[in-house]
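Peer 1: Have a look at this one before I ask anything.
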Amino acid sequence: MTGAKDRMREKKMKNQPRNVIYTSSGRGTEGGQGSQACGWVRGHQPGGHSYSQDLPKHITASFFARARAAEVNAMLKAVGKPAGSCHIFNALPKHMRRRAMSHNTKRLPRRLREGAERLAERSQRAPEKEKKQLAKSRSRRARRRHGNLLLEFNRRQRKNKWLETHIWHAKRFHMLKTWSYCLPLKPTAKSFRASYRAMNTHALLQVTLAFVCFVIANEDLSYYCCLELQGSEEQMLRALARLTSKQTGPTFAAASCLSGARQGSVHLYKADQFPQGSLGPADFLWRPRVPDASDRQLWIWIHPALRQDVLSELQLVCQCFEAVSISEESCPAVEPYAGRKRKRDEDDAEQLSKRLLGNGTRPAGTAVRWHSSDTAITISDLTMEIVRYRLIGPLAHTVLTDTLRPASEEMEVTKPSNHSTDEVDTSVHQQQADIFQLLRGVGSTAELPAGCVLGLTVDDPRLTLPQKRGKSVPDLQQSAGSRCVFMQMNQVRILAGPEILSLSHTRSTVSLHQKDSRVRDLTLRGVAAHCSQSTLWDASVRDRVTHNRPSEQELNRMRSELLVPGSRLSAAAQAGVPVLLVHQGGRVRGEERLHWGSGWDLMLPKGWGMAFWVPLVYRGVRVGGLHMSVKASQFTGQPHFPHDYPDCPAGQRFQSEQEAELLEKFKRRPPSKRTNYIKHGCLAPFRCPWQQLTEEWEELVNLSAETTSDCGTGPSDFAVLRSEVPRVGRAPHEAIDCSLSRSAVCHMISRCVCRSLKALRQLSAWCRPSSRRNSFPLTRATAAALRQECGRSLVWVRLRLLGKGQPALHATVCVPTTSDLQLLLKDAHSSGPQEPRHKDHLKHLRRHTSGPEEPACAVRGVWPPPLPSVLSHCSRLTLGWVQQGDFSLAAGHGEALAFISVSGLLHMILQQPQEQRGVVLLRNPSSLQYRYARISIDI
């Protein structure tokens, strides 16, 4: 118990003065005169002797008084200096303390008042050290004032920019903060199937006339970045040619797009680095040639994740490094608060409430325009300067014709400030209005040429806003229209006689034939180049239209003054709004569901977003978000940016974020409820190792070529290696030895996606069954030539399940064995083979750390890096992984979009029979069941 006694003594001596020394012996150093207090140590001496309890026989007065004086001084010092607080009243015992002592020193004892008064004076002499006064909390009524709301909204837009439709979306959608924007992800209501029906068709039968009613899906694409190039056409084409390649399709110099009548699409690369250095897709639109103008204008629309990369490359090829200062007139526009006047404080007068328009949250002094003295090219960043809406559906043109009204002839059409009024402009506007009215006679949006552009000046759509929400229905068919004409002529025959009948019949027939011919010409040739012109290209016109936009308060006042509620409001003389209508072709590749997802893009000046959005919603369109945009890309079979671009910097960043998100979601589940991906043979459930896959396929093909040349076998013996591969890949430790071949085969292989149209046509023809006509015969020599050209690349394919099954994200695409193909021949409805359950060699691993920086090797059920051979890890060779997969409502069965290795695809189709070419196996990460699927490459 010696240790316990020592701790007890230390606890009692903790608050004692340090200048007084207490000894544990019975006698002090001064003859025991100064240390007779031996009672601090209880019990007996270690030797068994007890302490003396008798009083000393004599003391020395001087030594005794000195020792006691030191104790008294230490006690007074300890009492006068309170511990743990600077307040004087803390020196008092607890039963004497009062809360009023903190501000009234007279409640303290007299001996403590002096110190308390000194502390009060010290606090008064230091006003600079006072705490910052807290802002007064306003009432809810004050916070909900329009001006205060605008100030709060502007503050919240500093980090993530808002679209003009943000408030409307925030009430109805789940919002996602990404790419420095706050974007709608998906509706709060269950609307997936309804959104699909909106993009597809809907039938409605009414009385005796058949109407085919289609509803539309609407999406706000204003977050896309627009870069404007202005300068000499020859100089711009020479510079932009370094960023594209003719092997991937039409470029910026395409004749159909150079006139300005069509919108084009290209894939951008870093300067002079094709096929490496991929950046991403882009849409471009040339301004039609303007008389007496030598310079051309070009708009390039890109995803916000591409903005900085593409802008840097454009500045490099155009040599535009000189930042151009912008005058105050062209600064980001703001809309003043037009509410009631009320008294404001002096602080509020300095910070007036204004609504931000465009990219008004960018820091002051940020360069948005660059010029080159050598090439005379100017690059301007028009991000959020133009509002862009996309309407998807067969009758998107019907909604547009119901919502928009071309500006009347007597109204002053908006023109640039440096152009005078001319009869030519009026005639062009009349032609554009006539073409716009002809759209109602078109049966479907898919009948128009893809990418055609129509310029137009329209009235404010709020003037014709319906009182309640409805649906836009298509115009009568030509047969129904002629039937109505004959019915009217029969009525005229009864009332007027045969003379008037013959005259009316002739005029009606001629007008119908003329309209039919014009509609037929529109669907075959599209819109003429001169009708694609619009004043939306001029910055001065855009700023003036934005500034002259009528407020909702003015429109409500005009509605209150109407004699007949619900009638059309009168348009002002300067109410014309220039717009651009750009046709979207939808699914233009492949043979199935052609032109599915076609529609129109509507471009507006900034500030007019909600003025056009609400009328479109009132016409029965259904609004979609980012989630539905991904699904639309899946139904059309096109890769979605940046999800399906693993060779682009933005795509790699997205995959890293997706991997962290999926891993965090996996960790949130209890360990007993998680999928053990090691036992399922899934090496990469969260991110696909494309680089390792392409390298291993290249090594396997080279190894098989060396084996074939050494053995002297012919082309028919190429499949000998196929029977050896499953034995090699039974377990990770038996995988292909890549350590020697990786250093000896070639230099570092960088992954890229094959986008050459010539190579894609060959692969598409070879993946089809032999029953179809094939202009590219598959031989070992042609396969070797194609492998030499793009064997280290990935190819985008579409997988159609032959039976039941629903593909999932990162599902594995594998090469079927000979027995698998024979099983499919015997039973076309076979479920497919199964993967043997793998052994978990890492089951002893447990998580010892937690947090966002936890390494993946600490997660049970997931392979830690470095990964073993991804090619031969399972019983079937791995071709690639699924990027998008789900049950397709358009096809009625499971479909998936995936990337596979070109070398692996050639290796597979050379071994398969002609009638079974393109058949692969598909397995989800959380399943051991393989499903049969067929590959198709859409070009």
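Peer 1: I'm trying to understand the selection: among the residues of segment 566-597, which are part of a loop (DSSP other than H, G, I, E, B), in contact with a strand residue (DSSP E or B) (Cβ under 6 Å, 6 or more places away or on another chain) and within 23 Å of Ile392 (Cβ to Cβ)? Give the derivation first.
Peer 2: Our first condition is that a residue be part of a loop (DSSP other than H, G, I, E, B); within segment 566-597, this holds for 566-576, 585-597.
Going one step further and asking which of them are in contact with a strand residue (DSSP E or B) (Cβ under 6 Å, 6 or more places away or on another chain), we end up with 576, 597.
Answer for segment 566-597, where residues must be part of a loop (DSSP other than H, G, I, E, B), in contact with a strand residue (DSSP E or B) (Cβ under 6 Å, 6 or more places away or on another chain) and within 23 Å of Ile392 (Cβ to Cβ): just Gly597.
Peer 1: Okay, moving on. Considering only segment 675-690, how many residues are within 16 Å of Ala898 (Cα to Cα) and modelled with pLDDT of 90 or more? Quick ask: steps written out before the conclusion?
Peer 2: We begin by selecting, within segment 675-690, every residue within 16 Å of Ala898 (Cα to Cα); these are 684-690.
So of that shortlist, the ones also modelled with pLDDT of 90 or more come out as 685-690.
Qualifying residue count for the region: 6.
Peer 1: Then there's this: Among residues belonging to segment 204-243 that are among the aromatic types (Phe, Trp, Tyr) and under 29 Å from the mean Cα position of the chain (by Cα), point out the one that is modelled with the lowest pLDDT. Walk me through how you get there before you give the answer.
Peer 2: From segment 204-243, those among the aromatic types (Phe, Trp, Tyr) are 211, 214, 223-224; that's our starting set.
If we keep only those that are under 29 Å from the mean Cα position of the chain (by Cα) as well, we get 214, 223-224.
Numbers: Phe214: 36, Tyr223: 87, Tyr224: 89.
My answer is Phe214.
Peer 1: Then there is this: Are there any helices (runs of 4 or more DSSP H) wholly within segment 136-176 with 3 or more residues that are over 19 Å from the mean Cα position of the chain (by Cα) and surrounded by 11 or more Cβ atoms within 10 Å (Cβ to Cβ), and if so which?
Peer 2: Working: elements: 140-143, 146-156, 166-170.
Once the helices (runs of 4 or more DSSP H) in segment 136-176 are filtered for at least 3 residues that are over 19 Å from the mean Cα position of the chain (by Cα) and surrounded by 11 or more Cβ atoms within 10 Å (Cβ to Cβ), what remains is 146-156.
Peer 1: Looking at this structure, is Phe641 surrounded by 18 or more Cβ atoms within 10 Å (Cβ to Cβ), within 25 Å of Ser888 (Cβ to Cβ) and under 26 Å from the mean Cα position of the chain (by Cα)?
Peer 2: Details: surrounded by 18 or more Cβ atoms within 10 Å (Cβ to Cβ): yes; within 25 Å of Ser888 (Cβ to Cβ): yes; under 26 Å from the mean Cα position of the chain (by Cα): yes.
The answer is yes for Phe641.
Peer 1: Restricting to segment 331-389, and then to whatever is polar (S, T, N, Q) and open to solvent by less than 60 Å² (accessible area, probe 1.4 Å), can you tell me which residue is modelled with the lowest pLDDT? Reasoning before the result, please.
Peer 2: So the first thing to find is which residues in segment 331-389 are polar (S, T, N, Q), and the list is 351, 353, 359, 361, 366, 372-373, 375, 378, 380, 383.
Checking the rest, the ones that are also open to solvent by less than 60 Å² (accessible area, probe 1.4 Å) come to 353, 359, 361, 372, 375, 378, 380, 383.
Working: Ser353: 54, Asn359: 72, Thr361: 70, Ser372: 89, Thr375: 89, Thr378: 92, Ser380: 92, Thr383: 89.
If we take residues in segment 331-389 being polar (S, T, N, Q) and open to solvent by less than 60 Å² (accessible area, probe 1.4 Å), then Ser353 is modelled with the lowest pLDDT.
Peer 1: Looking at segment 107-124, I want the residues that are within 17 Å of Leu92 (Cβ to Cβ) and part of a helix (DSSP H, G or I) and have a partner that is at pLDDT 80 or above and among the hydrophobic types (A, V, I, L, M, F, W, C) with Cβ atoms under 6 Å, at least 6 apart or on another chain. Which pairs are those?
Peer 2: Ala116/Leu108
Peer 1: Something else now. If you go through segment 910-936 one residue at a time, how many are open to solvent by less than 30 Å² (accessible area, probe 1.4 Å) and modelled with pLDDT under 90?
Peer 2: Summing the residues that are open to solvent by less than 30 Å² (accessible area, probe 1.4 Å) and modelled with pLDDT under 90 in segment 910-936 gives 3.
Peer 1: Further question: If you go through segment 902-939, how many residues are over 16 Å from Leu871 (Cα atoms) and assigned to a strand (DSSP E or B)?
Peer 2: The total comes to 8.
Let's see how each residue does on (1) of a type in the set (Lys, Arg); (2) under 22 Å from the mean Cα position of the chain (by Cα); (3) open to solvent by 20 Å² or more (accessible area, probe 1.4 Å):
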{"residue": "Arg653", "(1), (2), (3)": "yes, yes, yes"}
{"residue": "Gln658", "(1), (2), (3)": "no, yes, yes"}
{"residue": "Arg674", "(1), (2), (3)": "yes, no, yes"}
{"residue": "Tyr677", "(1), (2), (3)": "no, no, yes"}
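Peer 1: I need a count of the residues in segment 823-877 that are modelled with pLDDT under 85 and outside any loop (DSSP other than H, G, I, E, B).
Peer 2: Residues in segment 823-877 being modelled with pLDDT under 85 and outside any loop (DSSP other than H, G, I, E, B): 3 in total.
Peer 1: Still on this structure, I have one more. Which residue pairs have Cβ atoms closer than 6 Å, lie 6 or more positions apart in sequence or on different chains, and pair a first residue in segment 225-241 that is on the phi > 0 side of the Ramachandran plot with a second residue that is among the β-branched types (Val, Ile, Thr)?
Peer 2: What qualifies is Gly231/Ile377.
Peer 1: Then there is this: If you go through segment 281-290 one residue at a time, do you hit one that is more than 29 Å from the chain's Cα centre (by Cα), at pLDDT below 90 and on the phi < 0 side of the Ramachandran plot?
Peer 2: Yes: segment 281-290 contains one or more residues that are more than 29 Å from the chain's Cα centre (by Cα), at pLDDT below 90 and on the phi < 0 side of the Ramachandran plot.
Peer 1: Here is a follow-up. Go through the residues of segment 551-570 one by one and say whether even a single one is open to solvent by less than 40 Å² (accessible area, probe 1.4 Å), aliphatic (A, V, I, L, M) and in contact with a helix residue (DSSP H, G or I) (Cβ under 8 Å, 6 or more places away or on another chain).
Peer 2: The first filter runs over segment 551-570 and keeps only residues open to solvent by less than 40 Å² (accessible area, probe 1.4 Å), leaving 551, 555, 569.
Now drop any that are not aliphatic (A, V, I, L, M), which leaves 555, 569.
If we keep only those that are in contact with a helix residue (DSSP H, G or I) (Cβ under 8 Å, 6 or more places away or on another chain) too, we end up with 555, 569.
Yes.
Peer 1: Report, by residue number, each residue of segment 265-308 that is open to solvent by less than 10 Å² (accessible area, probe 1.4 Å) and under 11 Å from Cys648 (Cα atoms).
Peer 2: Leu268, Tyr269, Ser278, Leu279, Gly280, Leu306
Peer 1: Additional query: Would you kindly identify the strands (runs of 3 or more DSSP E) lying entirely within segment 254-319 that contain at least 3 residues that are within 30 Å of Gln788 (Cα to Cα), in contact (Cβ under 8 Å) with a residue 40 or more places away in the chain and not hydroxyl-bearing (Ser, Thr, Tyr)? First the steps, then the outcome.
Peer 2: Numbers: elements: 264-269, 278-286, 296-302.
By residue number, 278-286.
The values are calculated or read from the model by the stated rules, or taken from the named source; none is laboratory data. Everything numeric in this text was worked out from a predicted model, so none of it was measured. All Cβ positions, even for glycine, are placed from backbone atoms using ideal geometry, and neighbour counts span all protein chains on display. Protein only, heavy atoms only, side chains kept; ligands, DNA and RNA dropped before computing areas. Shrake-Rupley method; radii C 1.70, N 1.55, O 1.52, S 1.80 Å.
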